[in-house]
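Below is one structure, written out as structure tokens; the observations come after it.
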Amino acid sequence: MTQPGQLAELRYFGLTVRQWTILGAIVGMVLLLVMPFLLRNYRVFQINLAMVYAIAILGLNMLTGYNGQISLGHGAFYAIGGYTAAILMHRYGVPYWATLPVAGFVCLVAGFLFGLPALRLQGHYLALATFALALATPQILKYKHFEEFTGGVQGIVLDKPEPPIEFSFLGQALSQDRWLYFFTLLVAAIMFLLAWNILRGRIGRAMIAIRDQPIAAAAMGVNLAMVKSLTFGVSAMYTGVAGALGAIVVAFVAPDSFNIFLSITILVGAVVGGLASIPAAIFGAIFIQYVPNIADQISKSAPWAVYGVFLIGLMYLMPTGVMGLLRLVGARLRKYAD
Amino acid sequence: MEAFLHQVFSGLATGGIYASMALALVMIYQSTHHINFSQGEMATFCTFIAWALIETGFPYWVAFFATVAIGLVGGMAIQRIFLRPVENAPILTNVIVFIGLLVIFNSTAGWIFDHTIKAFPSPFPRGTFFDTQYFSSHEIGSIMVTLLVLVALYAFFRFTPLGLAMRAAAQNPVSSRLVGIRVSWMLALGWGLAAAIGAIAGMMVAPIVYLDPNMMAGILLYGFAGALLGGIDNPWGAVFGGFVVGVLENVLGAYVIGTELKLTVALVLIVGVLTLKPTGLFGKVVVTRV
Amino acid sequence: MNRNLLIAIVAAIAVAVAGYFVLAPKPEAPAPVAAKKYDPGASDKEILIGQTMPYSGPASAYGTIGKASAAYFAKINDEGGINGRKIKFISLDDGYSPPKTVEQIRKLVEQDEVLFVFNTLGTPPNSAIHNYMNQKKVPQLFVATGATKWGDPKNFPWTMGWQPNYQTEGRIYAKYILKEKPNAKIAVLYQNDDYGKDYLKGFKDGLGEAGQKLIVSEVSYEVTDPTVDSQVVTMKGSGADTFFNITTPKFAAQAIKKAAEIGWKPTHFLNNVSASVASVLRPAGLENSKDIITAAYLKDPTDKQWENDQGYKDWLAWMKKYYPEGDLANSFNVYGYAVTQTLVQVLKQCGDDLTRENVMRQAANLKDIELPMLLPGIKVSTSPTDFYPIESVRLQRFDGKEWVLFGDVIGS
């Protein structure tokens, strides 16, 4: 048997595992910084969208993966975030970057408040309650007495933020999309680090304990109601920030952008990526961003059928998501190395 | 008052639709402990098959029973082919497979049968003796059919050995296996029955709402709400829940809040009731032993 | 070398040269006579056109419009293309989701480098790309929505609608009611989205301040609602004697049938969206549909009166040859056919000057074009200040078997 300490001593091509990790991280970092200048603007835009989805999925994963509460209604928080940002920018001239914390806070409160009654609901009943939330969202956004703020059925058209500096690299200018790439990347990095901090700490352990053994957790002194509602709030905050970023990146919000399929898509992303894992959100986001495009290229007649086949096929191959498979492979490799 | 009665009865008629869908959901839940999101699309697809049969010249009742049989076999086949591989996977993996099935059925129906709405014949034509001012004969007929299905199911589960075996398989798979019940096939049978009930629901609904690939999308939600309101493990409760949702929605929309927010308010009310009675109005309270 | 190919090439060159001489001397063509001018997406051989359509998702019923357009381009290409150039048509799925529309449109413009985008469907998707197209100066031609904002050449010179807009149609019914039934008690049923509210706005504007008092009941429904039975009961209860029905086909059929079942017989105005005999009136019951009034601009392919009409026969032949899997009862296939014909006319007018600017200039320079599937008397007309190609409709009443036109062509 190899002890964990010994594993770190092993050298591959003259470098220790730790050194390889650092090297990999540096290469990855440089790639992330250079990449937008190697791609067309629209590709950059796609990546921006994928990063936005990754944040939203991470939010849902905290609730569903770590805390065991199913939500079919996270599209609602995405919508609240998006509309908060859009209304602040459009009506009150707030700069785009300042809308994110506001959107996050609004969703934190909304999620916490929604989490309180949801405490009494479990499993399918919680699924119904959140599903109802998702269905009601477009209807509320269209409601005539809110029209002054929400723009009613027509939605709100926004201006894309201009990059603050003029800059050129590899002959490519820092366009609006490239600037938003860096902005989104920064926000995503902060959100992922924050999630990592929350989840490995006391609260994270409490969340997992509630998922696995609620009664034991309560007996150990975990305040069930508080932790569950707070998880709902934080999860909604993540999705709300993603929604606000999404509104900035797409430069448009309308009730029809936030229908029930958005909620389902976020859930699909969370499960496909793999539950209870932070990096899984990235895989989930890649799936929901790119697979529909592939489906469209395969069949114009029934693109959804192709998408469904992909979805089911993936669940067969990786019942616990991409991350689950990676973990399995990792475990096998480690066993093999021993 | 007359108008109010009219709203209530029209609500009962749509409630009957929700009730039949709720019943199919309860059916699947009883035998598999899953809620099947693709239930509505499966029902729509079956109804399209019935429509195609009738178009090619089969008499209504032949098409009707053929479709129920196709639903039964098809439902079992879906369970064996699509769900068995993920039987032991986490619940959410199953949910994703349901979503996959939903989009496949929806998309395929649109592809094969097109999106233009189709009139579906009713076995209870207008002008029969129970045609009243408030109900069309089809509405009464379809409510009767729903109740009939309910009674048949009750009898099946209560009095037949197969029904008993199915209940046992769902409640305690391990012990059931020990006494020789083929649990996996019981699950498949549950799916088959649910698909068959769905097909009946679809054929009863289609004459009212017209047949198109998205026919069941809205209905599934209300059926879902009705089933949970009444208690997901109680067929009688589910049917009752379906009727309550239908009437509630109509009365709220017509008199209290207007149509613009009626869906929202109806849902808030249902969720509100559920927070007070978390297992539904007639659900069994599950006591967990630690 | 294959002889047939050689002959074909010689012929093509001859046609191209002839076409060149025919088109070149036109005085209003500002392009230098000798030069062919191209923007991205156009070349001697090809014109690249982009589109987004909801092939998946809740609005996938409209997907057939995109397929019909593709089928019509196939016919044009079989006949040698436009001015010798083949059409390459890239139609992508956006699932009716605005973020996806933005993504796909940007792919079309930035990667595939299409000359312009054509007939993108839906008000929210088009709103999402409205600014982008105008900043990029890429034409957003003949968008498939009836909202009013697409005809604004001053602020959005690169965007143009096609069909009569919903508000115009709503106003036309209002005017008719004011004239024929000034004491009407009106009930309105509308879909709670941009389409329904646009119709409603036009209708109310048409009624004017005083007229709005005529509306005694105003109810909406959501696309997720299973039925509109309750709404119909409410409207009957309000004592209305006139019914303006702003619904999509499924709900229109439900409303017509329910009204008949509960014995409500108002003067019934049905929006053009749902005026199909085969997919609305027949399912609802032809007897129940008698005396419904609608405003139309396209021929209904399921209306018997067009059976011997040359335009209809051509459409039918084309459907059978190029789009055999398409539904002959679906009026969206007529829509796709007619809107694509309008585009072909624009491209013909462009000649060899296939710049984005000229495409827009020619699109704004359609002079009383008659299309085979438009109702007699309805013409496509645009000018640099008029970005509404079809502005007139004709009223028709259903006699239990077919639509009967009455009155003159009505413009806005």
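Laboratory data are not the source of any read-out in this text; all were calculated from the coordinates shown. Here the structure is a predicted model, which is why all the values come from computation and not from measurement. Cβ coordinates were reconstructed from backbone atoms using ideal geometry, including for glycine residues, and neighbour counts include every protein chain displayed.
Would you mind checking which residues have amide H under 5 Å from residue C:92's amide H? H placed 1.01 Å from N; only 5 or more apart, or other chain.
Sorted by chain and number, the residues that satisfy this are C:51, C:52, C:53.
Within 10 Å of each candidate Cβ there may be at most 14 other Cβ atoms; applying that plus a DSSP loop requirement, which chymotrypsin sites (Phe, Trp or Tyr not before Pro) in the range A:134-215 survive?
Those that pass, being in a loop and sparsely packed, are A:167.
I'd like to verify something in chain B: which complete DSSP H helices, judged by Cα projection on the helix axis, reach 27 Å or more and average at least 0.5 on the Kyte-Doolittle scale?
Span-like helices here: B:2-32, B:91-113, B:137-159, B:183-209.
Please identify the chymotrypsin sites (Phe, Trp or Tyr not before Pro) of the range B:129-191 that satisfy two criteria: DSSP loop assignment and at most 10 other Cβ atoms within 10 Å. Which are they?
Details: sites: B:129, B:130, B:134, B:135, B:154, B:156, B:157, B:159, B:185, B:191; in loops: B:129, B:130, B:134, B:135.
In loop regions of the range B:129-191 (DSSP not H, G, I, E or B), the sparsely surrounded chymotrypsin sites (Phe, Trp or Tyr not before Pro) are B:129.
Would you kindly give the portion of the calculated P(r) for the range A:116-170 that falls above 15 Å, as a percent of all Cα pairs?
Values: 1016 of 1485 pairs.
Roughly 68 percent, once rounded to a whole number.
Extension gain residue A:12-residue A:216, at 0.36 nm per residue separation less the Cα-Cα distance, in nm?
Separation in residues times 0.36 nm, less the Cα-Cα distance, equals 69.0 nm.
Computed from the mean reciprocal separation of all distinct C-alpha pairs, what Kirkwood hydrodynamic radius does the range B:146-290 have, in Å?
When all Cα pairs of the range B:146-290 are included, the Kirkwood radius is 17.3 Å.
Dividing the convex hull volume of the alpha carbon atoms of the range A:193-338 by its residue count, what do you get in Å³ per residue?
Value for the range A:193-338: 172 Å³ per residue.
Here are some pairs, B:284/C:250; C:149/C:367; C:175/C:290; which of them have Cα atoms lying more than 28 Å apart in this structure? List each step's numbers first, then the result.
On the way: B:284/C:250 39 Å; C:149/C:367 22 Å; C:175/C:290 22 Å.
Among B:284/C:250; C:149/C:367; C:175/C:290, the Cα-Cα distance tops 28 Å for B:284/C:250.
So, R0 is 41 Å and r is the distance between the beta-carbons of residue A:186 and residue C:348; what FRET efficiency does that work out to, to 0.05? Write down the numbers at each step before the final one.
Working: r = 51 Å, r/R0 = 1.25.
So, using R0 = 41 Å, E works out to roughly 0.20.
Work out, in µm²/s and without decimals, the Stokes-Einstein translational diffusion coefficient of the protein assembly as shown at 37 °C, 0.692 mPa s, Rh from Kirkwood over C-alpha pairs.
Approximately 107 µm²/s, per Stokes-Einstein.
With each run of n ≥ 4 DSSP H residues scored as -39500 (n - 2.57), what mean residue ellipticity at 222 nm is computed for chain C after dividing by its residue count and rounding to the nearest 500 deg cm²/dmol?
For chain C, the value works out to -12000 deg cm²/dmol.
Give, in nm to one decimal, the length gained when the segment between residue A:309 and residue A:25 is fully stretched (0.36 nm per residue of separation minus the Cα-Cα distance).
98.7 nm
Two decimals is fine: what is log10 I(q)/I(0) at q = 0.20, 0.23 Å⁻¹ for the range A:82-147, from a Debye sum with one equal scatterer on every Cα and no solvent?
-0.93, -1.04
Can you give the Rg/Rh ratio of the range A:17-57, where Rg is from the C-alpha atoms and Rh is the Kirkwood radius?
Expressed as Rg/Rh, it is 1.12.
Which FRET efficiency, nearest 0.05, do residue B:66 and residue B:144 yield, Cβ-Cβ r, R0 22 Å?
Here the calculated transfer efficiency is 0.55.
If I build a Gaussian network model for chain B, linking alpha-carbon pairs within less than 10 angstrom, which residue out of B:76, B:186, B:144 has the largest mean-square fluctuation?
B:144
Output needed for chain C: three equivalent-ellipsoid semi-axes, defined as square roots of 5 times the C-alpha gyration tensor eigenvalues, in descending order, whole Å.
Result for chain C: semi-axes of 40, 22, 20 Å.
Provide the gained length on full extension for the span residue A:298 to residue A:170, in nm with one decimal, where the gain is 0.36 nm per separating residue minus the Cα-Cα distance.
Taking 0.36 nm per residue and subtracting the Cα distance, the gain is 42.6 nm.
In square nanometres and to one decimal, what's the mean projected area of the convex hull around the Cα atoms of chain A?
With every direction weighted equally, the projected area is 20.8 nm².
How high is the relative contact order of the range C:247-399, in percent, counting Cα pairs under 8 Å that sit 6 or more residues apart?
On the way: 192 pairs, mean separation 36.3, N = 153.
Relative contact order comes out at 24 percent.
Kindly provide the Kirkwood hydrodynamic radius of the range B:206-247 in Å, to one decimal, from all pairs of distinct alpha carbon atoms.
Here the Kirkwood hydrodynamic radius works out to 10.6 Å.
In the neighborhood of residue C:165, defined by Cβ-to-Cβ distances under 11 Å, what is the net charge if each Lys or Arg adds +1 and each Asp or Glu adds -1?
0
For the range B:1-101, divide the Cα radius of gyration by the Kirkwood radius and give the resulting Rg/Rh value with two decimals.
Expressed as Rg/Rh, it is 1.09.
Only four residue types carry charge here, +1 at the Cβ of Lys and Arg and -1 at the Cβ of Asp and Glu. Report the dipole size of the range C:114-187 about the Cα centre in Debye, rounded to the nearest 20.
Numbers: 9 positive and 3 negative charges, 44 e Å.
Charge dipole of the range C:114-187: 200 debye, to the nearest 20.
Just tell me how shielded B:224-233 is by partners: mean number of partner chain Cβ atoms within 10 Å of each residue's Cβ, no decimals.
Mean partner shielding for this stretch: 2.
Mean projection of the alpha-carbon convex hull of the range C:328-388 over all orientations, in nm²?
Working: hull surface 18.7 nm².
Taking the Cα atoms of the range C:328-388, their convex hull projects to 4.7 nm² on average.
Provide Rg over Rh for the range C:166-296; use the alpha carbon set for both Rg and the Kirkwood Rh (inverse mean inverse pair distance).
Values: Rg = 13.2 Å, Rh = 14.3 Å.
Expressed as Rg/Rh, it is 0.92.
In deg cm²/dmol, rounded to 500, what helix-only [θ] at 222 nm does chain A give when every DSSP H run of at least 4 residues adds -39500 (n - 2.57) and the total is split over its residues?
Theoretical 222 nm ellipticity from helices: -24500 deg cm²/dmol.
Taking the Cα atoms of chain B, report the difference between the largest and smallest coordinate on each principal axis, in whole Å and largest first.
Ordered largest first, chain B gives principal extents of 59, 51, 36 Å.
For chain A, modelled as a GNM with alpha-carbon contacts under 10 angstrom, which of A:324, A:82, A:284 fluctuates the most?
Comparing A:324, A:82, A:284 in the GNM, the peak value goes to A:324.
What does a probe at residue C:36 reach in the range C:328-353, counting residues whose amide N is under 18 Å from the point 7 Å along Cα→Cβ?
Label zone hits: C:347-353.
Output the pairs from C:321/C:401; C:204/C:265; C:45/C:75 with a Cα-Cα distance over 27 Å in this structure; if there are none, say none.
Beyond 27 Å between Cα atoms: C:321/C:401.
Build a GNM of chain C with springs between Cα atoms under 10 Å: which of C:68, C:42, C:329 gets the top mean-square fluctuation?
Of the options given, C:329 has the highest mean-square fluctuation.
Given a Förster radius of 51 Å and the C-beta distance between residue C:90 and residue A:120 as r, what FRET efficiency does 1/(1 + (r/R0)^6) yield to the nearest 0.05?
0.50
Could you give the nm distance between label points at residue B:179 and residue A:97, where each point is 7 Å from its Cα heading toward the beta carbon?
Here the answer is 6.9 nm between the modelled labels.
Under 16 Å from a point placed 7 Å out from the Cα of residue C:365 along the Cα-to-Cβ direction: which residues of the range C:375-410 have their backbone N that close?
Once the point is set 7 Å along Cα→Cβ of residue C:365, C:381-387 turn out to lie under 16 Å by backbone N, inside the range C:375-410.
Please compute one quarter of the surface area of the Cα convex hull for the range B:9-60 and express it in square nanometres.
Mean shadow area of the hull around the Cα atoms is 4.9 nm².
What percentages, rounded to whole numbers, describe P(r) for the range A:52-199 computed over all alpha carbon pairs with 5 Å bin width beginning at zero?
2, 8, 14, 19, 18, 15, 12, 7, 3, 2, 1, 0
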